[in-house]
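The values are calculated or read from the model by the stated rules, or taken from the named source; none is laboratory data. What you see is a predicted model, and the numbers here were worked out from it, not measured in a lab. Positions of Cβ are backbone-derived with ideal geometry, glycine not excepted, and every protein chain shown enters the neighbour counts.
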Amino acid sequence: MSGMKIINAGWFIDGTGGPVRKNIRLHIQNKRIVSITDSGSGDTAEYGTTDFGSSTILPCLVDSHVHLCISGTDDPVAREKQLDADFDKIKGLISDHIKRQLSYGVLAVRDGGDRFAYALRYRNESLDINKIPICIRVAGRAWYRAGRYGGLIGRPLQENHSLAEAINNDPEEKDHIKIVNSGLNSLKEFGKETLPQFGAGDLSDVVKIAAKYGRRVMVHANGKKPVAVALEAGCDSIEHGFFMGAENLKIMAEKEIVWVPTACTMKAYSEHMKPGSREAEVSRMNLDHQLEQISKARELGVTVALGTDSGSMGVHHGAAVIEELKLLITAGYSLPEAIRCASCNGARLLGIKDVGVISKDMAATFIVAKGDPSKLPDSLRSLDFICFKGNFINCKDEI
């Protein structure tokens, strides 16, 4: 078995949500995992062995909702400049955001759209997977109803056109379709809901068109009605889903529709608004309510995929994954369950086969975090290594 590599790990989280294992050994050949055994079993003297006995190996992570063209800065002038900048200026910003994601062990992201489709252009023209081993799934420009929220991340549906017709004639070669079906959450009035931008019939036609092209449909939706019509139409994922209620969660569980809660957005708002202000108070209330919904989702068996909405104010690319993991744990998920949301569930949502779970016959792609699992998720801030298809990337020197 020439070319065999042996990796010893002090602790092991495989991404399935199962219990943490201690003292395991990965056998790698031809860039794939051929077996996973207990450390010390079998004679390995003839093979090269790498020891991570004081570290935890876990799957590479997936952020299922990002906006690569925008940073998490709270400087309004800088944010406005980013929104209006040309591609040559944004290209460097996107590269920086991708490197930040990678430095926290995120090897796949799903972009939720930008008004000029710069993330799509970057993926097509500028991404070198050999230099930056990250998978980017992009929506191009999102769709929204004229006069409603959505201008920051997309373009409005033109008058006298159906949504399905517009999408069917859209020349953008995107990975998935992003629909905006509600407004933003109010930071002044707790629990305020907006009406749907599109009806169930409109969205059902979109789902059919998307299926024809092998694409999935992600729907920005907050509130009971906007979420309900998206679920009725059979969308693939609900993004945000604040104040959608228990009945919609039950339907999501039954239909196996994925939820991407992005709870850390409200944590960021609560910390960046003026202390004692109504906005800070409502942001915290919004967060607490979302954590209650996440706890209910776990109870009902809803598939939750971690997404941060990085690029929102105070939500920084890469680092926000730690915050969202902590919030999942606060809502009642065990560490392995939270890691599953950030790995296996995200990979399945993005349609990526070789990322998300560490198991026999999978690509040898994983991250090495310092210390035992009790140090997670904070230890993601200073990863030792990323293993990408059997090759180690030193996070300090190469990212």
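Some notes on this structure:
- Selection over region 279-301 of residues that are part of a helix (DSSP H, G or I), without any contact (Cβ under 8 Å) to a residue 60 or more places away in the chain, out of contact with any Ser or Thr (no Cβ under 7 Å at 6 or more places or on another chain) and within 23 Å of residue 250 (Cβ to Cβ) gives a count of 11.
- Answer from 270, 237, 204, 277 - the residue that is in contact with a Phe, Trp or Tyr (Cβ under 8 Å, 6 or more places away or on another chain) and not aromatic (Phe, Trp, Tyr): 237
- Test: residue in region 346-364 that is touching a Lys or Arg at 6+ places or on another chain (Cβ under 9 Å), assigned to a helix (DSSP H, G or I), farther than 17 Å from residue 24 by Cβ and free of Cβ contacts under 8 Å to residues at least 60 places away in the same chain: no
- Taken together, 327, 376 contain a single residue that is buried (at least 19 other Cβ atoms within 10 Å of the Cβ), touching a residue at least 12 places away in the same chain (Cβ under 8 Å), closer than 21 Å to residue 270 by Cα and in contact with a helix residue (DSSP H, G or I) (Cβ under 8 Å, 6 or more places away or on another chain), which is 327.
- Selection within region 171-183 - assigned to a loop (DSSP other than H, G, I, E, B) and crowded, with 16+ Cβ neighbours inside 10 Å: 174, 175, 181, 182, 183
- Some residue of region 50-59 being of a type outside the set (Val, Ile, Thr), outside any strand (DSSP E or B) and either farther than 18 Å from residue 314 by Cα or touching a strand residue (DSSP E or B) at 6+ places or on another chain (Cβ under 8 Å) (or both): no
- Tallying residues that are closer than 20 Å to residue 210 by Cβ and β-branched (Val, Ile, Thr) within region 118-144 yields 2.
- Selected residue (only one of 153, 134 is in contact with a helix residue (DSSP H, G or I) (Cβ under 9 Å, 6 or more places away or on another chain) and outside the structural domain of residue 386 (by TED's automatic domain parsing)): 134
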